[in-house]
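The values are calculated or read from the model by the stated rules, or taken from the named source; none is laboratory data. Quantities reported herein were computed from a predicted structural model and do not represent experimental measurements. Ideal geometry is used to build each Cβ from the backbone, glycine not excepted, and the neighbour counts take in all protein chains shown.
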Amino acid sequence: MWGLSYVVVLGVVLAAVTIILIPCWTQFYRVRRPGVNVNTVSAISLGASLLAPLVLLLLRSTPVPGPVPFIFYCAVLQIFITGQTFWRFVVLAWVIDEDAHAVDGRRREALFAGAVAFADSIGRAGAAGLVLNGMALSGMNLESCQTVCNDDDNDCLEECQQANAEGQPASVKTYIDFLFFVLVPICQVVATVLVYTFPIYGERVERIYAKQEVLYSGNNNLRENGSAVHGEDGTSQDGPK
């Protein structure tokens with residue numbers, strides 16, 4: 001009944017959840033909150049994402065149509081992990097600023113951003129390899145629907161894809177269940193602990209903000225007083241950056 005339409009429904013649901021939550025998290029992180037440990041708030045939100053596999057397990061025991069449990073799973077997961085996109089950029093900025101404050105004139109944004117991007121790429125590649133190789137080892141065997149059907153024959157494509165889904169051995173289903181109900185929750189718990197124990201918070205964050213205020217106020221005073229640095233050609237340039 002659903003065919004490929006569930007992909008569209010899933011995309012719309014995730015887009016709607018993200019669009020609704022982005023302003024909320026943006027407002028939360030853009031305002032300085034001296035008495036709030038944003039790491040704890042982010043960890044609570046991330047930890048709540050463990051509800052997603054429970055929702056999936058519960059809905060799979062009901063007579064709702066096949067893709068509906070997975071759509072709800074993705075929606076619940078997206079609700080609670082959206083804020084992590086903001087958190088990781090905020091704490092990366094803290095790390096960069098604190099490192100720069102330790103030694104005058106030192107800026108190592110590229111080093112830290114590169115390390116984060118490297119870890120992200122390694123994680124994505126490792127996860128993709130684990131999923132694909134695990135499915136292959138568990139016995140997944142797919143028939144190329146593009147080879148069997150004409151590209152414009154939607155009925156044939158839908159039947160072929162349904163046959164692919166239903167024709168897999170039980171070991172494939174077991175492996176997928178292992179991913180959703182064991183491996184992914186373990187990763188969520190590890191991520192929650194890492195966010196909760198992130199060491200920059202409280203007084204360390206306040207010192208970063210205080211130092212940044214001093215630096216920016218100094219630059220603003222230079223501009224307001226008309227101070228300038230002149231290049232070799234005599235043209236006026238801005239003061240210290």
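See the values below:
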| item | result |
| --- | --- |
| Single condition residue 36 does not satisfy, out of (1) surrounded by 12 or more Cβ atoms within 10 Å (Cβ to Cβ); (2) free of Cβ contacts under 8 Å to residues at least 12 places away in the same chain; (3) under 21 Å from residue 72 (Cβ atoms); (4) not charged (D, E, K, R) | (3) |
| Hits in the range 133-147 (condition: part of a helix (DSSP H, G or I) and either charged (D, E, K, R) or modelled with pLDDT under 80 (or both)) | 146 |
| Candidates 188, 161, filtered to the one that is modelled with pLDDT under 85 and either of a type in the set (Gly, Ala, Ser) or surrounded by 13 or more Cβ atoms within 10 Å (Cβ to Cβ) (or both) | 161 |
| Members of the range 111-165 found to be charged (D, E, K, R) and either closer than 25 Å to residue 184 by Cβ or without any contact (Cβ under 8 Å) to a residue 12 or more places away in the chain (or both), listed by number | 120, 124, 151, 152, 153, 155, 159 |
| Residue within the range 215-238 that is assigned to a helix (DSSP H, G or I), modelled with pLDDT of 80 or more, of a type outside the set (S, T, N, Q) and within 30 Å of the chain's Cα centre (by Cα) present | no |
